[in-house]
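Colleague: The structure's right below; bear with me while I get my questions together.
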Amino acid sequence: MRLEGEHRRSIARTADGKGARILDQRRLPWEIVWVELRTAADAERAIREMWTRGAPLIGATAAYGLAMALAEDGSDAALDAAYHLLAEARPTAVNLRWALDEVAKAVRPLPAPMRGEAAFARADAICDEDVALNRAIGAHGLELLRDLHQRNPGRTLNILTHCNPGWLATVDYGTATAPIYLAQDEGLPVHVWVDETRPRNQGALLTAFELAGHGVAHTVIADNTGGLLMQRGEVDLVVVGTDRVTANGDVCNKIGTYLKALAAHDNGVPFYVALPYTTFDPATPTGADVPIEERHPDELALLTGPAAEGHATVRVTASPAYNPAFDVTPARLVTGFITERGVIGSADLMR
Ligand code: MRU
């Protein structure tokens, strides 16, 4: 299934300019449903319940949520209340707080009646900037892929990724997917191993949907398969996105990322992390200081098929379940960070 019209732009202002339009990602790839957010409470719910998700897109959604609150009431009290409501919607991705801080900084000096429009303008700019950042990440990552291809010109480049680091997790292009899309556009022979990414299956449902829409060859694998593929030489590189990189270069990303980094290290497979500066958190010293979101155990214990096909929800365990949503990959396991500034090491993140 392809998206027509506004292909790949995952968030935009509503036609009347007073709200934001997002895709309800809980229904992908079975149904394409655009939803209009009209209040800060709508935005908070969409983030908390993961109608919308992915670090940069959470930030963009929160920025619009704050703008909606200020358009209603531009007072300091309204600003502070909406800021805190939205900041607490999800704890791990640093982009959420970054975007809220950007909007708050832009509007605080202004008189209350002017704050709503100024906040919307800042939210629009955050979205446009995200697209430009990801485009730049794509260009730098493409050089890496070209390099690998030149070393083995006759071979398909096999890339493994985890979770959904695509345009659905950002405003457009994605972070880790941006180089892949550019490589595909250039005609490089790429194939992507897509980790299914239990328990919410962002890989099987969302990344696979995106790659199919862009015509990229891909295969969905169970989360435990990557190690075997790496031992067999069937992975040329791993590229993931991230929800927060700390001052020392530790990488917080979807649960399971760390195991992929360990397997990559053991097998001499390069492990790259793609991120814009909005995901770097210099104020947090190490990954151990990042709040790891714990989600409801039912996300793990219940499996639900596509409603459109009449599938029922089934319980897959009779035991208690535990569902932390992110893990931390130590900086020492990361080959390089693909950023809008180029491919850099952890020591260069602070520069
Ligand atoms: O829980 P989610 O689906 O919001 O998690 C998203 C991820 O872990 C992505 O890989 C991450 O946001 C970085 S990619 C832009």
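The values are calculated or read from the model by the stated rules, or taken from the named source; none is laboratory data. Being a predicted model, the structure only gives us computed values, none of them experimental. Neighbour counts are summed over all protein chains in view; Cβ atoms, including those assigned to glycine, are modelled from backbone coordinates with ideal geometry.
Colleague: If a residue has to be within 11 Å of the ligand (Cβ to nearest atom) and touching a Phe, Trp or Tyr at 6+ places or on another chain (Cβ under 7 Å) to count, how many in region 131-176 make the cut?
Modeller: 4
Colleague: Within region 325-351, how many residues turn out to be over 17 Å from the mean Cα position of the chain (by Cα), part of a strand (DSSP E or B) and not hydrophobic (A, V, I, L, M, F, W, C)?
Modeller: Matching residues across region 325-351 total 2.
Colleague: So which of Val194, Val220, Val216 ends up being farther than 20 Å from Thr257 by Cβ and at pLDDT 95 or above?
Modeller: Only one candidate qualifies: Val216.
Colleague: If a residue has to be of a type outside the set (Ser, Thr, Tyr), touching a residue at least 60 places away in the same chain (Cβ under 8 Å) and part of a loop (DSSP other than H, G, I, E, B) to count, how many in region 224-245 make the cut?
Modeller: Number satisfying all stated conditions: 5.
Colleague: Just name the residue that is surrounded by the fewest Cβ atoms within 10 Å (Cβ to Cβ) out of those in region 1-25 that are out of contact with any strand residue (DSSP E or B) (no Cβ under 9 Å at 6 or more places or on another chain) and at pLDDT below 95.
Modeller: Filtering first and then ranking leaves Gly5.
Colleague: What tally of residues in region 246-283 results from selecting those that are assigned to a loop (DSSP other than H, G, I, E, B), aliphatic (A, V, I, L, M) and under 16 Å from the mean Cα position of the chain (by Cα)?
Modeller: 2
Colleague: Taking region 31-62, which residues are under 17 Å from Ala169 (Cβ atoms), in a helix (DSSP H, G or I) and in contact with a strand residue (DSSP E or B) (Cβ under 9 Å, 6 or more places away or on another chain)?
Modeller: Ala43, Ala46, Ala55, Leu57, Ala60, Thr61 - these are the residues of region 31-62 that are under 17 Å from Ala169 (Cβ atoms), in a helix (DSSP H, G or I) and in contact with a strand residue (DSSP E or B) (Cβ under 9 Å, 6 or more places away or on another chain).
Colleague: Of the residues in region 299-323, how many are surrounded by 11 or more Cβ atoms within 10 Å (Cβ to Cβ), out of contact with any Lys or Arg (no Cβ under 8 Å at 6 or more places or on another chain) and modelled with pLDDT of 95 or more?
Modeller: The number of residues fulfilling the criteria is 1.
Colleague: Continuing with the same structure: Scan region 73-89 and give yes if some residue there is crowded, with 24+ Cβ neighbours inside 10 Å, assigned to a loop (DSSP other than H, G, I, E, B), of a type in the set (Ser, Thr, Tyr) and at pLDDT 95 or above, otherwise no.
Modeller: Checked region 73-89: no residue is crowded, with 24+ Cβ neighbours inside 10 Å, assigned to a loop (DSSP other than H, G, I, E, B), of a type in the set (Ser, Thr, Tyr) and at pLDDT 95 or above.
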